[in-house]
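Reviewing the structure listed below.
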Amino acid sequence: MKKLVMVITLAVILAVGAAYADHPDGFGIGVQFGGNSYWGGYWSSGGALTLKIPSLPIFWAVNFAMGPSYMWLNLSGDYYLIDNRLIETLHWYLGVGGYVGIGMGNPLGLDFGARLPIGLSWQPLDLLEIYLQVVPSIGLGILPGIGLGGGLGGNLGIRLWF
C-alpha cells in the first residue's frame, strides 16, 4: 500500500509539474563520468568536462572515452526543453542536442548526430549540482565508412555554479 501511495504521489507531481527551473542562470562547470552502449554492439566509458555559459541556453560537454583499440573525443551540446522541479532541491529535465566525435586508433572514426538527454538533478546547495542522466542518440558515422550510429549512454555528474 505504501508503494502504491508513493507511485501515485510521484505521478501527481510529474503530471502537475512545477514550472520553476532549478538550474541557475550563472556559469556552471563540472565533470561527468559514464558510458555508451552503441548500436553496433560495443561499449565505451569515459569522462567529460561540462560547461554552461550564462549567455547561452546550451549545456556543453567535451567527452573523452577509451576502448580496447581506440580513443574517442566528442563534443556535445544540449538544450533543455523541460526543466521542472519535483521538490525543493530535485528536478528533472528533458532536452535535445547534438554531438560530433572523432575516434583515434584502429580504425580512425568520425561521426555526428542527435541526442535526447533525460535526467534527474539534485542541487542541495546553490553552488552544487549532482545529476544522473540517460542519453539515447542516433547519428551517422562517416569514417571508417558511412553507416548508422548512436546508442544509449548514461552519465553521473557534478557541477559547480558561480
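The values are calculated or read from the model by the stated rules, or taken from the named source; none is laboratory data. The structure displayed is predicted, hence computed values, not measured ones. Positions of Cβ are generated from backbone atoms using ideal geometry, with glycine treated the same way; all protein chains shown enter the neighbour counts.
Assorted remarks:
- Restricting the range 72-94 to residues that are of a type in the set (A, V, I, L, M, F, W, C) and more than 24 Å from N36 (Cα to Cα), the residue that is surrounded by the fewest Cβ atoms within 10 Å (Cβ to Cβ): I87
- Lone qualifier among I87, I82 - being within 16 Å of the chain's Cα centre (by Cα) and either under 14 Å from G119 (Cβ atoms) or assigned to a loop (DSSP other than H, G, I, E, B) (or both): I82
- Complete set of residues in the range 41-76 that are under 20 Å from G97 (Cα atoms) and assigned to a loop (DSSP other than H, G, I, E, B): I53, P54, S55, L56, P57
- Tally of residues being of a type in the set (G, A, S), within 19 Å of G34 (Cα to Cα) and surrounded by fewer than 14 Cβ atoms within 10 Å (Cβ to Cβ) across the range 52-71: 1
- Among the residues making up the range 111-134, those that are without any contact (Cβ under 8 Å) to a residue 60 or more places away in the chain and assigned to a loop (DSSP other than H, G, I, E, B) are L116, P117, L127.
- Selection count, the range 142-156, where residues are over 14 Å from G109 (Cβ atoms) and at pLDDT below 85: 0
- Residue match in the range 96-109 (condition: surrounded by 15 or more Cβ atoms within 10 Å (Cβ to Cβ), in contact (Cβ under 8 Å) with a residue 60 or more places away in the chain and hydroxyl-bearing (S, T, Y)): no
- Where a residue in the range 135-158 is outside any strand (DSSP E or B) and its partner, wherever it lies, is of a type in the set (G, A, S), with Cβ under 6 Å and at least six apart: none
- Just one of the listed residues (N63, N36) is modelled with pLDDT of 90 or more, under 24 Å from G145 (Cα atoms) and touching a Ser or Thr at 6+ places or on another chain (Cβ under 8 Å), namely N63.
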